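Worksheet: the structure to be examined is printed underneath.
The values are calculated or read from the model by the stated rules, or taken from the named source; none is laboratory data. Quick caveat: nothing in here was measured; it's all calculated off a predicted structure. A quick note on method: Cβ atoms are made from the backbone with ideal geometry, for glycine too, and the neighbour counts reach across all protein chains shown.
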Amino acid sequence: MTTKKDIKSMNLPELTAFMEELGEKAFRAKQIYQWIHEKQADSFEEMTNIPKSLKETLNGTAYLTSLKKEEVQTSRIDGTKKYLFLLEDGNVIESVLMRYKHGNSVCISSQVGCRMGCRFCASTLDGLVRGLSPGEMLDQIYQIGKDIGERISNVVVMGTGEPLDNYDNLLRFIELLTDENGIHISQRNITVSTCGIVPKMRELADKKLAITLALSLHASNQEKRMELMPVANKYDIYEVIDACRYYFKKTGRRITFEYSLAGGVNDTDEDADELSKLIKGINCHVNLIPVNPIKERNYVQSNARVIEAFKNKLEKNCINVTIRREMGRDIDGACGQLRKRYRERTTKE
């Protein structure tokens, strides 16, 4: 039995080679590519300028990834939408649409589940199932764009999963997303988050892409980071910070440090001082995130006064910092919560 080819994850040269393999003219590849990435067709049947015989051949030899909207929650507070998509193998993933003055931003998942085990994240509670294909990553953006009938201008790979643990598929996804023959989102409008897989951070730096790298730091020293993030047992905090310096040196792109504030855990004056020393001299921006409580863990959000004091302390130390505006708090806003609730519900049924 021959395995059907994942046509949405192919770049144009691969699609051209595939057409030639099928005995078709090369120009068909350009037409199909346009249908997939510009017109965002969900099936071969929608491709009106493709001969019926070729559509039949494609149905027999290839498949076109198309995610199904299983559930959509819309925030009454800020219009944030949280999508639960059903994959063809029965797994589900989450994506989030955030509306800003500067445009529509989509936060996508890169894996089904996650193996990184970060202590305050719901995505990792059931471990890793598998990585997403480039086509599955792309289709989250395509389906949301079609659902709202508006252009998506920014993409954040910060949903469920560790993007650098699905490295090759991530690179292909970026290639397809930024291709001028597709929806052509600028590399500068893409942010990729990592919990700190040092060799892959350095590898990504060597690609010299114009994307923003966001490091989930969440602690001001190695001891605390090991408590919160198992990855710290493998890569020391100073190694990770060095990889960030290397990324800036290679790309010239300012680093974002994500720092989730958990009450009494990593939000003291001492933490703010340690953090300032740790990242001193790096062209960076710190995103302070009031932690999203999840019932499986006992972390609580720092109170507003503590968060403000932490921010002020960093600013006094000449560090660029913002408190991340909480989007969609009324709709299972934290990463992995909607998927987890769906799985609990369907397991019971």
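Taking helices (runs of 4 or more DSSP H) that do not extend beyond region 210-289, which have at least 1 residues that are closer than 20 Å to Y167 by Cβ?
Working: elements: 222-228, 237-251, 269-279.
Where helices (runs of 4 or more DSSP H) fall fully within region 210-289 and carry at least 1 residues being closer than 20 Å to Y167 by Cβ, they are 237-251.
Could you grab me the full set of residues in region 12-27 that are buried (at least 16 other Cβ atoms within 10 Å of the Cβ) and within 18 Å of D179 (Cβ to Cβ)?
Applying the first criterion (buried (at least 16 other Cβ atoms within 10 Å of the Cβ)) to region 12-27 yields 12, 15-16, 18-19, 24.
Those that are buried (at least 16 other Cβ atoms within 10 Å of the Cβ) and within 18 Å of D179 (Cβ to Cβ): L12, L15, T16, F18, M19.
Pairs needed: first member in region 68-94, within 13 Å of D139 (Cα to Cα); second member anywhere, surrounded by fewer than 20 Cβ atoms within 10 Å (Cβ to Cβ) and of a type in the set (V, I, T); C-beta distance under 6 Å; at least 6 residues apart or different chains.
Y83/V72
For region 128-152, give me each residue that is over 14 Å from the mean Cα position of the chain (by Cα), charged (D, E, K, R) and over 20 Å from Q187 (Cβ atoms). Can you show your working first?
Looking only at region 128-152, we keep the residues that are over 14 Å from the mean Cα position of the chain (by Cα), and these are 128-130, 142-152.
Imposing the further condition that a residue be charged (D, E, K, R) reduces the set to 130, 146-147, 150-151.
R130, K146, D147, E150 - these are the residues of region 128-152 that are over 14 Å from the mean Cα position of the chain (by Cα), charged (D, E, K, R) and over 20 Å from Q187 (Cβ atoms).
Kindly establish whether L97 is in the same structural domain as P230 (by TED's automatic domain parsing) and in contact (Cβ under 8 Å) with a residue 60 or more places away in the chain.
Working: in the same structural domain as P230 (by TED's automatic domain parsing): yes; in contact (Cβ under 8 Å) with a residue 60 or more places away in the chain: no.
So L97 does not fit the description; no.
With respect to the numbered conditions (1) over 19 Å from the mean Cα position of the chain (by Cα); (2) exposed (fewer than 13 other Cβ atoms within 10 Å of the Cβ); (3) modelled with pLDDT under 95, which one is the sole condition not fulfilled by S75?
In the conditions (1) over 19 Å from the mean Cα position of the chain (by Cα); (2) exposed (fewer than 13 other Cβ atoms within 10 Å of the Cβ); (3) modelled with pLDDT under 95, S75 misses (2) alone.
Find all pairs meeting these conditions: Cβ atoms under 6 angstrom apart; at least six residues apart or on different chains; first residue within region 125-149 and over 17 Å from M10 (Cβ atoms); second residue charged (D, E, K, R) and modelled with pLDDT under 95.
Qualifying pairs under 6 Å: L125/E296; G127/R115; L128/R115.
Count, please, the residues in region 172-189 that happen to be assigned to a helix (DSSP H, G or I) and buried (at least 17 other Cβ atoms within 10 Å of the Cβ). Give the derivation first.
Taking region 172-189 first, the residues assigned to a helix (DSSP H, G or I) are 172-178, 187-189.
Now drop any that are not buried (at least 17 other Cβ atoms within 10 Å of the Cβ), which leaves 172-174, 176-178, 189.
Residues meeting the conditions: 7.
How many residues are touching a Leu at 6+ places or on another chain (Cβ under 7 Å) and surrounded by 17 or more Cβ atoms within 10 Å (Cβ to Cβ) when one looks only at region 58-69?
Count: 1.
Among the numbered criteria (1) crowded, with 19+ Cβ neighbours inside 10 Å; (2) more than 24 Å from the chain's Cα centre (by Cα), which one does C244 miss?
Against the list (1) crowded, with 19+ Cβ neighbours inside 10 Å; (2) more than 24 Å from the chain's Cα centre (by Cα), C244 comes up short only on (2).
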